[in-house]
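The numbers here are math on the coordinates, done by the rules we state, and not lab data. Predicted, not measured: the structure shown is a model, and the values here were computed from it. We place every Cβ from the backbone using ideal geometry, glycine too, and count neighbours over all the protein chains shown.
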Amino acid sequence: MSTTVDFIFDFASPNAYLVHRVLPGIAERTGAKFNYIPCLLGGIFKATGNKAPMVAYAPIPNKLAYEQLEFGRFIAKHELSDFTFNPHFPVNTVLLQRGALVAERDGRLMDYVEAGLHHMWEAPKKMDDPEAYAAAMDESGFDGAALVEGAQQAEIKQKLIDNTSAAVDRGAFGIPTFYVGDEMFFGKERLGQLEEAIVARVRTHGQ
């Protein structure tokens, strides 16, 4: 038996990229399926009063230095050598996130996730520029112009708003956030706890 884990997701988060590369191992060990829910990290921050670590920890140099140390340790542990910090960071991901919902509607969300993460964190580009975005998605086998057009549709815009509001209502304050049933797990540092919760849920509920 397997369980489905909701993943509150935004391309804006480098940690979302890192955990995405680690989740297949958890899925293989536990049989879990991960349900990616595109939300807008900026919207979550605004609704909860949260800030990105580089902003929140800026007045605390030791804490910011440790955050960067831990980030490097995670990359080394999981051998994520393809990661490249995006020189355009922070990137406004409204277009990327709306495009994800267009791809989800078309049954290609996970292909899109791979493409978007590649162009954000492996071969980084200014993905909030519509021309750069469209060219990158063309390169990855999508119709970039159609994605840009689809991202302007009212129902897609509303879906991103709804997803983001629902995540906040559920307790999310940042990304990556996961839910096993009603239990929330935030951050790549909690992946061990997440895996334990998946195993326990399968053992107890069979799903």
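How charged is the neighbourhood of Ala135? Take every other residue with its Cβ under 10 Å from the Cβ of Ala135, and add Lys/Arg as +1 and Asp/Glu as -1.
-3
For Glu28, what charge total do you get from the other residues with a beta carbon under 15 Å from its beta carbon, if Lys and Arg give +1 and Asp and Glu give -1?
Result for the neighbourhood of Glu28: +2.
Sum up the lysine pairs in the chain that clear both bars: alpha-carbon distance under 19 Å and a spacing of 8 or more or different chains.
The number of close lysine pairs in the chain is 7.
Residue separation times 0.36 nm, minus the C-alpha to C-alpha distance between Arg73 and Asp138: what's the value?
The span from Arg73 to Asp138 would gain 20.0 nm if fully extended.
Looking at region 4-205, what % of its DSSP beta bridges pair antiparallel, to the nearest 5?
Rounded to the nearest five, the antiparallel share is 55 percent.
Please list 39-47, 83-91, 11-19 highest first by mean number of surrounding beta-carbon atoms within 10 Å per residue.
11-19, 39-47, 83-91
Place a point 7 Å from the Cα of Lys51 along the Cα-to-Cβ direction; which residues of region 71-93 have their backbone N under 16 Å from it?
90
Using 0.36 nm per residue of separation minus the Cα-Cα distance, give me the extension gain between Glu183 and Ala65 in nm, one decimal.
The Glu183-Ala65 span can extend by a further 39.5 nm.
Report the extension gain between Val94 and Glu155 in nm, rounded to one decimal, defined as 0.36 nm multiplied by the number of residues separating them, less their alpha carbon distance.
20.5 nm
By the scheme Lys and Arg +1, Asp and Glu -1, what is the net charge of all other residues having a beta-carbon under 14 Å from that of Phe185?
-2
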